[in-house]
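Notes follow the structure.
The values are calculated or read from the model by the stated rules, or taken from the named source; none is laboratory data. Since the structure is predicted, the reported quantities are computational estimates derived from the model, not experimental observations. Positions of Cβ are backbone-derived with ideal geometry, glycine not excepted, and every protein chain shown enters the neighbour counts. Surface areas here come from the heavy atoms of the whole protein model, side chains and all, with no ligands, DNA or RNA. Shrake-Rupley method; radii C 1.70, N 1.55, O 1.52, S 1.80 Å.
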Amino acid sequence: KTLNLLLAILFLVSTNTSFADGSKIALGGYCPVAYLGFQKALFGSAEFSSERDGKTYLFVNADAKKMFDKEPEKYISSIKFDAWCATGIALGKKLATDPSLFSVAEGKVYLF
């Protein structure tokens with residue numbers, strides 16, 4: 001139980017990480033392009049990042065970053081409910097997500 005609690009706390013801290021300029025890491029550091037392009041939850045790298053609307057998005061590689069930079073709204077708008085848990089939204093609650101748990105349906109990404 002202690003290990004599970006520690007992992008939960010580490011996850012929550014990592015999903016709310018802020019940079020010195022006030023921007024936040026979006027999607028807990030997972031690559032938004034990978035959800036649609038590979039249908040996989042892949043953790044991005046700070047080496048490949050882009051800032052948009054006060055959020056910093058991390059990408060798995062330079063190609064993913066280029067794809068995002070070319071059409072950022074395509075990837076940002078594909079993440080439904082502003083990255084809140086889809087099940088929580090259905091229940092009328094805003095619940096934090098585990099960005100590695102997701103589903104893609106009709107070009108939209110639902111996090112859980």
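Tally time: how many residues in segment 41-62 are without any contact (Cβ under 8 Å) to a residue 24 or more places away in the chain and touching a strand residue (DSSP E or B) at 6+ places or on another chain (Cβ under 9 Å)? So that I can check it myself, show each step before the final result.
Residues of segment 41-62 without any contact (Cβ under 8 Å) to a residue 24 or more places away in the chain: 42-50, 53, 61-62.
Then drop every residue that is not touching a strand residue (DSSP E or B) at 6+ places or on another chain (Cβ under 9 Å), which leaves 42-50, 61-62.
Going through segment 41-62 one residue at a time, the tally reaches 11.
Which of the strands (runs of 3 or more DSSP E) found entirely inside segment 17-112 contain at least 3 residues meeting this: open to solvent by less than 80 Å² (accessible area, probe 1.4 Å) and either of a type in the set (A, V, I, L, M, F, W, C) or at positive phi (or both)?
102-105
Kindly establish whether Leu27 is at pLDDT 95 or above, out of contact with any helix residue (DSSP H, G or I) (no Cβ under 8 Å at 6 or more places or on another chain) and aliphatic (A, V, I, L, M). If you could, list the steps in order and put the result at the bottom.
Numbers: at pLDDT 95 or above: yes; out of contact with any helix residue (DSSP H, G or I) (no Cβ under 8 Å at 6 or more places or on another chain): no; aliphatic (A, V, I, L, M): yes.
Criteria not met by Leu27.
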